[in-house]
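Beneath this line is the structure, given in structure tokens, with notes to follow.
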Amino acid sequence: MAPGEYVQQTLAGLDPTAGGGVDPALPLYATTFVVVDLETTGGAPDGGGITEIGAVKVRGGEELGVLATLVNPGVPIPPFITVLTGITQAMLIPAPPIEQVLPSFLEFISDAVLVAHNAPYDVGFLKAACAKHGYRWPNPRVLDTAALARRVLTRDEVPNRKLGTLAAYFRTATQPTHRALDDAKATVDVLHGLIGRLGGHRVDTVGEAIEFARAVTPTQRRKRHLAEGLPKVPGVYIFRAADDRPLYVGTSGDIATRVRSYFTAAEKRARISEMLAAAERVEAVECAHPLEAEVRELRLIAAHAPPYNRRSKFPERMVWLKLTDGPYPRLSVVRSLAPGDTAYLGPFRSKQAAELAAAGFHDAVPLRQCTHRLSLRTVTPACALAELGRCPAPCEHRITPEEYDHRAAAPFRTATASDPQVVVDALLTRIETLSAGQRYEEAAVVRSRLAAVLRASVRMQRLAGLTRIAELTAARRAPGGGWELALVRHGRLAGAGVGPPGVHPRPTITAIRATAETVEPGHGPVPRASAEETERILSWLERPETRLVEMSSEWSSPVSGAGRFRDLLAKAENGGSHQLSTERS
């Protein structure tokens, strides 16, 4: 951040990513706190305005050090500030400026939890001063005693959470006087009094105290015990109701940390709050590595359809766009593929997506759109599309089955199985014609249809390339050493494990293969797993750090397949019709 640039953001330390070298699991009695208070000229943080800093370092109730100094703000002090604090202009003239004080102060607070009363105000001034004078803010964990008092003390005990009120309640040795060191010392005693009350709330660590001070709901506070005792390993977690039915399924590389996050102020989703109210326990399913966890999550969601999961439910609701049988085939949206189906596209996540792709093919090739069963001997009256020249009228036998297959059906088969060039060219030509006639809305409709065709074709060919392989073994370096291992059969994760550090992974692979799930071949691009599972596996396999160990057959995609149109697909999805280039390779 350039000097002079400061924007008030999330309070450092209340941000879960803040750390400052302090372990959130550190017990409160073993935590080093630096309690700070500032006096200022008033106004908003702008890098200056600090007139006095007082800080006290404590641990386990013992005072470890004190830092106190006046600061020359470089500007006149408003009279009301002098009346409030007793700090005069004459007192500040010989005082050092903030840029000379900051190095000592930043060293004083290193590796400690910063404490302040109404911490956003004090921390905001300190961060702004660092930004203005080129010092790196260490982003320590911060505990706000005002916020903590709002959670610990009731209105019956104290009428408000002002420092003076709390100091009187806890009978602090030093009374606040609107001078930095006195107020910091009073805040130390208030902090100790509040920590003494935290035991009744089962708050024992500094991380728990910081989270407890945040605005969590009563439900989160009441149910936070559900996060206790969970493993810090990759896996799946399941929130279960009193009758043991799954309410929500999730995955994480660290189950314990992820589940704890549901009971913090960062979790604000209404449906999750409702789920927590109904949850009675959390079940952890440990996994070998994150890929296995992701796959198990998908399978559990598909099997149980938890009411509070929104995605990945009902994979069986996928639909397909297939070419029917008969002398004059047409496109049909179906729920599943039959073993005899040879020309199809999908799977699509919805019927609407399949119909959009079908409209793209109807724009590109003269496939009939009527649903009649046509006969080679009986003539059926033609529809309006024939009169408009949008259909070759096979119903009236104006075209032979052979010619219809060549002009209409064969381009669909080729586009889905290998090369969609003919369909792409036809749709691009139509877009160009409409754009040239300034019919931009119609061109945008055709562009969306082109995107639907390419999206489905790229996806299906990518899936089919993996699911044709009877068995594939891959490895990826584990973060802690060793190898994350995955055995994939026909696009389904059949086995997973981790090879220990310093040991050749071959024995682990042999053990995984011996216990792996048997997966038989099937029909279609996703014969034995959901499309989403196979795509998760593909993403893992395609990472640069993943190594292919063994494959039972080659892994390939068509040279002139849909994949070469990825750039065109991105333009169709994100840009206007005028940005599409005619990639007629």
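Pick from Val519, Val503, Val446: which is modelled with pLDDT under 95, aliphatic (A, V, I, L, M), more than 31 Å from the chain's Cα centre (by Cα) and not in a strand (DSSP E or B)?
Working: Val519 fails: modelled with pLDDT under 95; Val446 fails: modelled with pLDDT under 95.
Criteria check complete, one pass: Val503.
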Inset, instruction - Those residues that are charged (D, E, K, R) and under 29 Å from Ala354 (Cβ atoms), I need them from segment 475-500; list them, please. - result: Arg489, Arg492
Legend entry - Tally, over segment 452-481, of residues that are more than 29 Å from Arg566 (Cβ to Cβ) and either among the charged types (D, E, K, R) or modelled with pLDDT of 95 or more (or both): 0
Inset, instruction - Give the residues of segment 184-195 that are touching a helix residue (DSSP H, G or I) at 6+ places or on another chain (Cβ under 7 Å) and open to solvent by 10 Å² or more (accessible area, probe 1.4 Å), sorted by residue number. - result: Asp189, Gly193, Ile195
Legend entry - Condition broken by Glu294, with the remaining ones in (1) crowded, with 20+ Cβ neighbours inside 10 Å; (2) part of a loop (DSSP other than H, G, I, E, B); (3) among the charged types (D, E, K, R) satisfied: (2)
Legend entry - Odd one out for Arg462, checked against (1) more than 25 Å from Glu573 (Cβ to Cβ); (2) open to solvent by 10 Å² or more (accessible area, probe 1.4 Å); (3) not hydrophobic (A, V, I, L, M, F, W, C): (1)
Inset, instruction - Consider only pairs whose beta carbons are under 6 Å apart and that are at least six residues apart or on different chains; among these, list those whose first residue lies in segment 167-185 and is among the hydrophobic types (A, V, I, L, M, F, W, C) and whose second residue is assigned to a loop (DSSP other than H, G, I, E, B). - result: Ala167/Gln175; Ala167/Pro176
Legend entry - Members of segment 196-230 found to be modelled with pLDDT of 85 or more and open to solvent by 70 Å² or more (accessible area, probe 1.4 Å), listed by number: Arg197, Asp204, Arg222, His225, Glu228, Gly229
Inset, instruction - Give me a count of the residues in segment 251-276 that are open to solvent by 60 Å² or more (accessible area, probe 1.4 Å), aliphatic (A, V, I, L, M) and under 20 Å from Glu208 (Cβ atoms). - result: 1
Legend entry - Among the residues listed as Ile512, Ile469, the single one being touching a strand residue (DSSP E or B) at 6+ places or on another chain (Cβ under 7 Å) and open to solvent by less than 10 Å² (accessible area, probe 1.4 Å): Ile469
Inset, instruction - Return the total of residues in segment 275-290 being under 21 Å from the mean Cα position of the chain (by Cα) and either in a helix (DSSP H, G or I) or free of Cβ contacts under 8 Å to residues at least 40 places away in the same chain (or both). - result: 3
Inset, instruction - Could you look through segment 46-69, keep only residues that are part of a loop (DSSP other than H, G, I, E, B) and buried (at least 19 other Cβ atoms within 10 Å of the Cβ), and pick out the one that is farthest from the chain's Cα centre (by Cα)? - result: Gly49
Legend entry - Residues located in segment 273-306, provided they are of a type in the set (Val, Ile, Thr) and within 22 Å of Ala516 (Cα to Cα): Val285, Val295, Ile301
Inset, instruction - Identify all residues within segment 73-88 that are surrounded by 18 or more Cβ atoms within 10 Å (Cβ to Cβ) and under 11 Å from Gly49 (Cβ atoms); write none if there are none. - result: Pro73, Ile77, Ile81
Legend entry - Condition check for Val549: at pLDDT 95 or above, in a strand (DSSP E or B) and closer than 13 Å to Glu292 by Cα: no
Inset, instruction - Would you be able to tell me the number of residues in segment 387-410 that are surrounded by 20 or more Cβ atoms within 10 Å (Cβ to Cβ), closer than 18 Å to Asp363 by Cβ and either among the basic types (Lys, Arg) or touching a Ser or Thr at 6+ places or on another chain (Cβ under 6 Å) (or both)? - result: 0
Inset, instruction - Could you pull out the residue among Ala279, Ala242 that is modelled with pLDDT of 95 or more, exposed (fewer than 14 other Cβ atoms within 10 Å of the Cβ), aliphatic (A, V, I, L, M) and under 19 Å from His304 (Cβ atoms)? - result: Ala242
Legend entry - Residues that are among the hydrophobic types (A, V, I, L, M, F, W, C), touching a residue at least 24 places away in the same chain (Cβ under 8 Å) and part of a helix (DSSP H, G or I), drawn from segment 252-274: Ile255, Ala256, Val259, Ile272
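Which one is most open to solvent (accessible area, probe 1.4 Å), of the residues in segment 112-153 that are charged (D, E, K, R) and within 23 Å of Arg214 (Cβ to Cβ)?
Out of the qualifying residues, it is Arg150.
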Legend entry - Spans of helices (runs of 4 or more DSSP H) in segment 311-419 with at least 3 residues under 30 Å from Thr467 (Cα atoms) and in contact (Cβ under 8 Å) with a residue 40 or more places away in the chain: 351-364, 410-417
Inset, instruction - With the checklist (1) over 27 Å from Glu286 (Cα atoms); (2) open to solvent by 20 Å² or more (accessible area, probe 1.4 Å); (3) of a type in the set (A, V, I, L, M, F, W, C); (4) in contact with a Gly (Cβ under 9 Å, 6 or more places away or on another chain) in hand, flag the one item Val445 doesn't pass. - result: (4)
Inset, instruction - Kindly establish whether Thr510 is under 16 Å from Gln461 (Cβ atoms), in a helix (DSSP H, G or I) and either in contact with a Lys or Arg (Cβ under 8 Å, 6 or more places away or on another chain) or without any contact (Cβ under 8 Å) to a residue 24 or more places away in the chain (or both). - result: no
Inset, instruction - Could you tell me whether segment 459-474 includes any residue that is over 31 Å from the mean Cα position of the chain (by Cα), in a helix (DSSP H, G or I) and farther than 30 Å from Ala358 by Cα? - result: no
Legend entry - Residue within segment 476-493 that is surrounded by 17 or more Cβ atoms within 10 Å (Cβ to Cβ), in contact (Cβ under 8 Å) with a residue 60 or more places away in the chain and among the charged types (D, E, K, R) present: yes
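The values are calculated or read from the model by the stated rules, or taken from the named source; none is laboratory data. What you are looking at is a predicted structure, and each value in this text was computed from that prediction instead of being measured. Neighbour counts are summed over all protein chains in view; Cβ atoms, including those assigned to glycine, are modelled from backbone coordinates with ideal geometry. To get the accessible areas, we keep the full protein, side chains included, count just its heavy atoms, and leave off ligands, DNA and RNA. Shrake-Rupley method; radii C 1.70, N 1.55, O 1.52, S 1.80 Å.
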